[in-house]
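Student: Before I ask anything, here is the structure I am working with.
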Amino acid sequence: MVTTTEPITAAATTTTSSTVLSTEKQQIKYDFDRATCSSYIGESDTVTYYAGSVDINWAIGQVPAGGYVVALSLSAVLDHFSTRYQQHPASLNTFFFKKTEAGPFIVEITELKSSKKGFVVVKAVLRQPKKYNEKNKVPQDLSKYDRNQYVTKTLSIITMSDMNGETGITLSKGETGVAPVPPQMATMEPAKMDYMGDYVDLYQDKSTYPVYDTQGNVIKPGRAEIHHGYDFKDGRETDFKSLPYWADLFTNPLYSMGPQVLGKSKYWMPTLQLEVQFKTVPKDVKNVIATFKIPHIVNNRFDLDGALYDQHQNLLAITRHQCLVVPWERNVGSSSSSSSASSKL
């Protein structure tokens, strides 16, 4: 995260140039951190502002991946709370209003519930210019930010806490009898990613897929459930900021049902709403293993539940999505940003 050292008011200007910011960004060690970094550009009334640039390489087709977009807002909030008592997100709920595009973004952070040592609830709104233009520049201070020329892309409600001070009843390893069973990396094999494969290694357990005989007849039906393992190719460990990214990175479990459900057409399955509940502080997390399932789909709108664990099967977070099944053309047909996205699922 690139930050300035002194607060900037609405009337003040920053001495940090775009050249300096670009240089600092290049000095960030890991790909994911370079792609999600933003800078504090000031405060106005009860709102704190961060600015950055969306990296189109972290996209599915021509649309930046939902979990990556969530990480942009969460990254700004984590930086905003870096000197506060509450430095750990307990939960986030993000609503996707419009497609995110390559180029500048602003995160507006507003505190909704304050507390000295208890839970703090904030609203983080990610906004981008109304009209895409490759010449759009990231605002370096509030005087360069014309809010009337920006539109809301996502709205997140994030609860911040101090997990190091939490104690009490803990049943996180299946003791309740109804929790998901953590997948096993031993049952997974490397899987090719169509998007973002330059940054991520993906592993997949295909035991939930249907089994066919030599004539193509189903002899064992599949189920709408998928198990994955992940890691960053450059060795970056998983932390709070990257958990929403993993929570939204999966081969859609509907494909495990076979072509009798989706047929042979290509679909885009955008997220309308994404919730993540964080359960513990990630420590030395080299690999994430995850399980996702779709209990219901009604009129092309489905709910998806997931759980994410570290390499030792300790629970990191749970997630719930509300998504749509739409033609792939909805992804590429009206996008005004990049016409190519380098290598996801």
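The values are calculated or read from the model by the stated rules, or taken from the named source; none is laboratory data. Computed from a predicted model, the values in this text were never measured in an experiment. Backbone-built Cβ (ideal geometry, glycine too); neighbour counts: all protein chains shown. These area figures cover heavy atoms from the full protein model, side chains too; ligands, DNA and RNA do not enter into them. Shrake-Rupley method; radii C 1.70, N 1.55, O 1.52, S 1.80 Å.
Student: Surrounded by fewer than 19 Cβ atoms within 10 Å (Cβ to Cβ), assigned to a loop (DSSP other than H, G, I, E, B) and either of a type in the set (Lys, Arg) or in contact with a Leu (Cβ under 8 Å, 6 or more places away or on another chain) (or both) - does that describe any residue in region 145-164?
Tutor: no
Student: Among the listed residues Tyr255, Tyr245, identify the single one that is out of contact with any Ser or Thr (no Cβ under 6 Å at 6 or more places or on another chain), part of a helix (DSSP H, G or I) and open to solvent by less than 50 Å² (accessible area, probe 1.4 Å).
Tutor: Residue meeting the stated conditions: Tyr245.
Student: State all residues of region 224-233 that are in a loop (DSSP other than H, G, I, E, B) and surrounded by 15 or more Cβ atoms within 10 Å (Cβ to Cβ); if no residue qualifies, say none.
Tutor: The initial filter retains those residues of region 224-233 that are in a loop (DSSP other than H, G, I, E, B), namely 224, 233.
Hit for region 224-233 is Ala224, nothing else.
Student: What about Val121, is it touching a strand residue (DSSP E or B) at 6+ places or on another chain (Cβ under 6 Å) and open to solvent by less than 100 Å² (accessible area, probe 1.4 Å)? Steps first, answer last, please.
Tutor: On the way: touching a strand residue (DSSP E or B) at 6+ places or on another chain (Cβ under 6 Å): yes; open to solvent by less than 100 Å² (accessible area, probe 1.4 Å): yes.
Yes; evaluated as a whole, the condition is true for this residue.
Student: From the set of residues in region 289-332 that are in a strand (DSSP E or B) and among the polar types (S, T, N, Q), which is surrounded by the fewest Cβ atoms within 10 Å (Cβ to Cβ)?
Tutor: Here the residue is Gln322.
Student: Here's a check for you: in region 201-211, which residue that is of a type outside the set (D, E, K, R) and touching a strand residue (DSSP E or B) at 6+ places or on another chain (Cβ under 6 Å) is farthest from Tyr230 (Cα to Cα)? Let's see the steps before the verdict.
Tutor: Taking region 201-211 and keeping what is of a type outside the set (D, E, K, R), we get 202-204, 207-211.
Now restrict to residues that are touching a strand residue (DSSP E or B) at 6+ places or on another chain (Cβ under 6 Å): 202-204, 208, 210-211.
Working: Leu202: 5, Tyr203: 6, Gln204: 9, Thr208: 18, Pro210: 23, Val211: 25 Å.
Among residues in region 201-211 that are of a type outside the set (D, E, K, R) and touching a strand residue (DSSP E or B) at 6+ places or on another chain (Cβ under 6 Å), the one farthest from Tyr230 (Cα to Cα) is Val211.
Student: Just to be sure I understand, how many residues within region 102-118 are polar (S, T, N, Q), open to solvent by less than 70 Å² (accessible area, probe 1.4 Å) and farther than 30 Å from Ala59 by Cβ?
Tutor: Counting residues in region 102-118 that are polar (S, T, N, Q), open to solvent by less than 70 Å² (accessible area, probe 1.4 Å) and farther than 30 Å from Ala59 by Cβ gives 1.
Student: Could you tell me whether Lys99 is of a type in the set (Lys, Arg) and either touching an Asp or Glu at 6+ places or on another chain (Cβ under 6 Å) or open to solvent by less than 90 Å² (accessible area, probe 1.4 Å) (or both)? Please lay out each step first, then the result.
Tutor: Working: of a type in the set (Lys, Arg): yes; either touching an Asp or Glu at 6+ places or on another chain (Cβ under 6 Å) or open to solvent by less than 90 Å² (accessible area, probe 1.4 Å) (or both): yes.
It is true that Lys99 is of a type in the set (Lys, Arg) and either touching an Asp or Glu at 6+ places or on another chain (Cβ under 6 Å) or open to solvent by less than 90 Å² (accessible area, probe 1.4 Å) (or both).
Student: Keeping to region 173-189, report how many residues are surrounded by fewer than 18 Cβ atoms within 10 Å (Cβ to Cβ) and either touching a strand residue (DSSP E or B) at 6+ places or on another chain (Cβ under 6 Å) or in a loop (DSSP other than H, G, I, E, B) (or both).
Tutor: Qualifying residue count for the region: 11.
Student: Out of the residues in region 190-214 that are open to solvent by 70 Å² or more (accessible area, probe 1.4 Å) and not in a loop (DSSP other than H, G, I, E, B), state the one that is nearest to His312 (Cα to Cα).
Tutor: Applying the filter and picking the extreme gives Pro190.
Student: Kindly evaluate Thr251 against the criterion of being modelled with pLDDT under 95 and closer than 20 Å to Ser207 by Cβ.
Tutor: Judged against the criteria, Thr251 is a match.
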